[in-house]
1. To the nearest 10 Å², what's residue 198's accessible area with a 1.4 Å probe?
2. With each label point set 7 Å from Cα along the Cα-Cβ vector, what nm distance links residue 259 and residue 117?
3. What is the sum of charges around residue 203, taking Lys and Arg as +1, Asp and Glu as -1, for the other residues whose C-beta is under 11 Å from the C-beta of residue 203?
4. Please report, in whole Å³, the volume per residue of the convex hull around the C-alpha atoms of segment 184-252.
5. Given a Förster radius of 30 Å and the C-beta distance between residue 73 and residue 187 as r, what FRET efficiency does 1/(1 + (r/R0)^6) yield to the nearest 0.05?
6. Near residue 183, within a Cβ-to-Cβ distance under 11 Å, what is the net charge of the other residues, with Lys and Arg +1 and Asp and Glu -1?
7. Please calculate how many Å² of accessible area segment 124-182 carries per residue, with a 1.4 Å probe and no DNA, RNA or ligand atoms counted.
8. With every protein chain kept in the model, how would you rank 202, 148 by accessible area, 1.4 Å probe, largest at the top?
Amino acid sequence: MKTSSYQKKYGKILLLSLTVLISILFLSVPPSFATSNFYSLNPSLNTTRLIEFNPNDPSVVSFMDLYLPDGSEYTGNNSALAFNPDNELFGWDSTIGQLYNITSTSTTTAEVNYIGNPVSFSPRNSTITGLAFDNTDTLYGIALNYLIPGAKALISINTNDSSVNLIDYLDEEIGNNGLAVDFNTGNLYLVSGNAYDKVMTIDKTTGDATVIGQLGTTAPSVGAEFLPGTMTLYSVRNGNELWSYDLNDGSSTYGISSFIGQIGGPGSFVNTASLAAQWPVVPEPISSILFITGGAVMAGKRYLRKKRKT
């Protein structure tokens, strides 16, 4: 039987509807990194490892060995990780002064790709110890000894070429630190360790710091990140201790600290100073999917009825 022209057009409309539906469902597929977990870096033997763990039970960890594109093991000096709003993972290698991203290649390995060229810092012991993207996809960092010995600076980093822009020097003394972003507002929070036990907000345009509380520990290694969807700030202290800090508890110090547990469990060999979590992904409501698909099908039916009448 010969296919009429209106049957062909109706088939095209149905095909378009299915294409739209499949495209929306594809965009809802979660990325390679788990949205409910935290990530940090742990140097182990000759290979730096990416650690994954659930903040509700940090004693259970999994690892990804990191390699360069040529297959050699990655052994950089890292104190900072951050996901951008598209949930791409970035880090800063303070050994050479260069930004990189991490893409998973399997459940046990991931690849490190350097971006642009190394940045020449002065003095030579300058390091970036905190990274965080805001909701405009701008990458911020905290740099120690940046250009001036002993100085602490808020910087922005170009993710296309690793170039660094000085925003301003901080007006608060800090030690080793972690930088976190409030996923809802894009505001920056800094957690400091060593002799300066502080939790503070950072103005992204001026670098002004406002102290809002303390974690109650002066451990040297620090990482910081919010649990997505909450105002609970998590911090890595002393290499493998996970702490939380509730900014909504209503106390005069804007929060209380709680020790969650050791990353990897008691006696763990984990030793990290970084923490990163994915930005929340808002899934497309199933009602919207059905609305789009149903609308396309109804349009097809109306078109066929018109063709039959003419």
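The values are calculated or read from the model by the stated rules, or taken from the named source; none is laboratory data. The model shown is predicted, which means the values in this text are computed figures rather than measured ones. Heads up, the Cβs are rebuilt from the backbone with ideal geometry, glycines too, and the neighbour counts pull from every protein chain shown. Quick note on the areas: whole protein, heavy atoms, side chains included, nothing else; ligands and nucleic acids left out. Shrake-Rupley method; radii C 1.70, N 1.55, O 1.52, S 1.80 Å.
1. For residue 198, solvent-accessible area is about 30 Å².
2. Inter-label distance under the simple model: 4.9 nm.
3. Here the count lands on -2.
4. Values: hull volume 6.4 nm³, N = 69.
With only Cα atoms used, segment 184-252 gives 93 Å³ per residue.
5. Calculated value: 0.20.
6. -3
7. 38 Å²
8. Sorted descending by solvent-accessible area, the residues read 148, 202.
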